[in-house]
Amino acid sequence: MSPANLIEPPVTEASAPFWEATRERRLVLPWSAVTGRPVWFPRDADPLAPDRPYEWREASGEGVVYAASVHHRPGPGRTEDDCPYVVALVDLAEGVRMMANCVDCPPEDVVVGMAVRVTWQPLSDGRHLPQFRPA
């Protein structure tokens, strides 16, 4: 995707630690103080312990494609030149599922069960958007 076309995600108070880490191309996840497990997506509070903050921990960046969809028409912020592209659900090694684009391979090569690793799309403000490529 062309950086000029990219619709950049907003930063919220809950997601700020995630986006700050992407400036250094680090993938971090919020972990629940109650369950000791990661959660995705960043929320204002842990539903099981709203008075306890999440602990942010670095993730491996490794995962497996759970599901994938090849898009042949441009979505928001995309042009015909971006097509086809893949939107995938990726099961991260830490146990959460993240939605992102799969890049650096032909769309038809992205299959369920494929091992992937995080890669980064630069954003205009120094942050990076996580995407996944074949491992």
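The values are calculated or read from the model by the stated rules, or taken from the named source; none is laboratory data. Predicted, not measured: the structure shown is a model, and the values here were computed from it. Every residue, glycine as well, gets a Cβ built from its backbone with ideal geometry; the counts of neighbours run over all protein chains shown. For accessibility, only protein heavy atoms count, side chains too; no ligands or nucleic acids. Shrake-Rupley method; radii C 1.70, N 1.55, O 1.52, S 1.80 Å.
Note on region 78-129: residues that are more than 15 Å from A21 (Cβ to Cβ) and in contact with a Ser or Thr (Cβ under 8 Å, 6 or more places away or on another chain) amount to 9.
Step by step: first the residues of region 18-61, then only those that are open to solvent by 50 Å² or more (accessible area, probe 1.4 Å), of a type outside the set (D, E) and touching a Phe, Trp or Tyr at 6+ places or on another chain (Cβ under 6 Å), then the one that is farthest from H128 (Cα to Cα). Which residue is that? Filtering region 18-61 for residues that are open to solvent by 50 Å² or more (accessible area, probe 1.4 Å), of a type outside the set (D, E) and touching a Phe, Trp or Tyr at 6+ places or on another chain (Cβ under 6 Å), the one farthest from H128 (Cα to Cα) comes out as R57. Residues in region 118-135 that are surrounded by 13 or more Cβ atoms within 10 Å (Cβ to Cβ), under 16 Å from V64 (Cβ atoms) and either modelled with pLDDT under 95 or out of contact with any helix residue (DSSP H, G or I) (no Cβ under 8 Å at 6 or more places or on another chain) (or both): V118, T119, Q131, F132, R133. For beta carbons closer than 9 Å, sequence separation of 6+ or different chains, a first residue in region 1-14 that is at pLDDT 55 or above and part of a loop (DSSP other than H, G, I, E, B) and a second that is of a type in the set (G, A, S) and surrounded by fewer than 13 Cβ atoms within 10 Å (Cβ to Cβ), the qualifying pairs are L6/S124; E8/S124; A14/A45. All of (1) without any contact (Cβ under 8 Å) to a residue 40 or more places away in the chain; (2) open to solvent by less than 60 Å² (accessible area, probe 1.4 Å); (3) in a loop (DSSP other than H, G, I, E, B); (4) not aromatic (F, W, Y) hold for V87 with one exception: (3).
V70 meets the conditions (1) of a type in the set (V, I, T); (2) in contact with a helix residue (DSSP H, G or I) (Cβ under 9 Å, 6 or more places away or on another chain); (3) closer than 17 Å to A135 by Cβ in every case but one. The failed one is (3).
Is it fair to say D104 is more than 10 Å from the chain's Cα centre (by Cα), assigned to a strand (DSSP E or B) and more than 12 Å from L27 (Cα to Cα)? No; evaluated as a whole, the condition is false for this residue. Among residues of region 64-77 that are assigned to a loop (DSSP other than H, G, I, E, B), those with a beta-carbon under 6 Å from a residue that is aliphatic (A, V, I, L, M) and open to solvent by less than 60 Å² (accessible area, probe 1.4 Å) at least six positions away or on a different chain give the pairs G77/L6.
Output the residue which, of all residues in region 38-77 that are within 23 Å of A21 (Cβ to Cβ) and acidic (D, E), is nearest to the chain's Cα centre (by Cα). Top of the filtered list is E62. What's the number of the only condition in (1) within 19 Å of V11 (Cβ to Cβ); (2) surrounded by 12 or more Cβ atoms within 10 Å (Cβ to Cβ); (3) touching a residue at least 40 places away in the same chain (Cβ under 8 Å) that N101 fails to meet? The single condition N101 does not satisfy is (1).
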